[in-house]
Amino acid sequence: MRLPRRLTASVIAATLIVTALTGCDSDTESGDTTDIVIGADLASGSTVDFAYTRALQLKVEQVNASGVLGERRLVLRIQDNRSDPTASLRNISTFAKDPTIAAVITGSCDACVVGAAKTINDQKIPTIALAAADEVTTPVASRRYVFKLGPNSTDSSAALVAELVRKQTKSAALLYSDDLYGRGGKTKMTAELKKAGINVTAALPVKPTATDITQTVGTLTDAEPQALVVWAGSDQATLAATSAKAAAYTGDVYFDAAAAGDLFLPQAAKDATDKTTMVFTQILAIDDVIATTPAKATRKQWFRDYTSRYGTYSGVASFAADAVDLIADAVAKVGGDRQRIRDVLETSQTDGLSGPIRLTPDNHSGLMPQALTLLVARSGRWRLLS
């Protein structure tokens, strides 16, 4: 989920404005037709941010077509940060100085949003981060204008360890990406494993950009742990499963939520990833979900809309779409005033496309633990475990 590869420059332009049909806002009873601009700080070379870009574009169009903002419309303005915190800070500072921009959405670069947190706070620009690290929104006292959508390492590790306990696992090894999110996940995961009485045979890091992790995986599997837990991005997690298979590892393989990528796993890794368990939201296995509630029906429709537009589905797309919906809901209530948008975001509660989202003054990371479930790889795609 976090390993970038270079895409053509035309996919995400340095500045892209998405406009669509007429929208609206409860504040527009006064006749205000000013566009509401959302700034997006994304990386053109990131596969994750590519999926975010697609989701943002589609959701902005849907919000505008819905008429929920009356005479107003959402406009999306994207700046490329190249996964560089310095470039990201420059982009966010530019957004903050532009009075037409009501809010900002940031992408998968953890260090980018963490590095810009002080500027975001000082400039008072409400920001929804799609990065995964816990530090994105903690401590809350210095992140008053930063909110996060996506799984939390505490919740992911708790869900994975509960499954390991259910399967009476006695030993586990951990492979994690050597970045802000991976290191934080390693800390949370090892603590949960020890608390459950599961022996941690080894925990080894790999560079987020590494494309050959055979030796590291071999070192972990040589100890023959019952479980191999992989805390890394989609491409790298797939590499880990493939390397474990090549090393004749016969234990169980588990992915944390960062490994969620496309609906279908790479054909070359189909056999190696078979029966791998991953913690994530239901969206990647939405075909297995019965639409028993309006929220589930909406998620199924979003899945169909995205796949119809783009031909496939990326698991992370729902987080970006939820970010647009949260901003649109705030604008519908209070217009384009940044301070009031921040205040609305801080108390937002909704059953989003990703699952239940609850933001509070004490918790700016809104995805609830109940949003997470266990998926299993079968025949090259993700299915509900139970």
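Pick out, in residue order, every one of the trypsin sites (Lys or Arg not before Pro) in segment 234-321 that is DSSP loop and has at most 15 other C-beta atoms within 10 Å; say none if there are none. Answer by residue number: Lys275. Surface exposure of the chain, expressed per residue as accessible area with a 1.4 Å probe, stands at 40 Å². With axes computed from alpha carbons, what is the tilt in degrees of helix 85-97 against the longest principal axis of the chain, rounded to the nearest 10 within 0 to 90? For 85-97 against the chain, the angle is about 20 degrees. Counting every C-alpha pair in segment 152-253, the share spaced more than 20 angstrom apart comes to 30%.
With 24 Å as the limit, the listed pairs Lys148/Lys186; Lys59/Lys118; Lys124/Lys300 have Lys59/Lys118; Lys124/Lys300 beyond it between alpha carbons. The angle separating the long axis of helix 180-195 from the principal Cα axis of greatest extent in the chain is about 50 degrees. Ranking Asp322, Asp362, Asp179 from most to least accessible surface, computed with a 1.4 Å probe over the protein chains only, gives Asp362, Asp179, Asp322.
Helix 47-66 axis versus longest C-alpha principal axis of the chain: approximately 40°, rounded to the nearest ten.
The values are calculated or read from the model by the stated rules, or taken from the named source; none is laboratory data. Computed from a predicted model, the values in this text were never measured in an experiment. Backbone-built Cβ (ideal geometry, glycine too); neighbour counts: all protein chains shown. Surface areas here come from the heavy atoms of the whole protein model, side chains and all, with no ligands, DNA or RNA. Shrake-Rupley method; radii C 1.70, N 1.55, O 1.52, S 1.80 Å.
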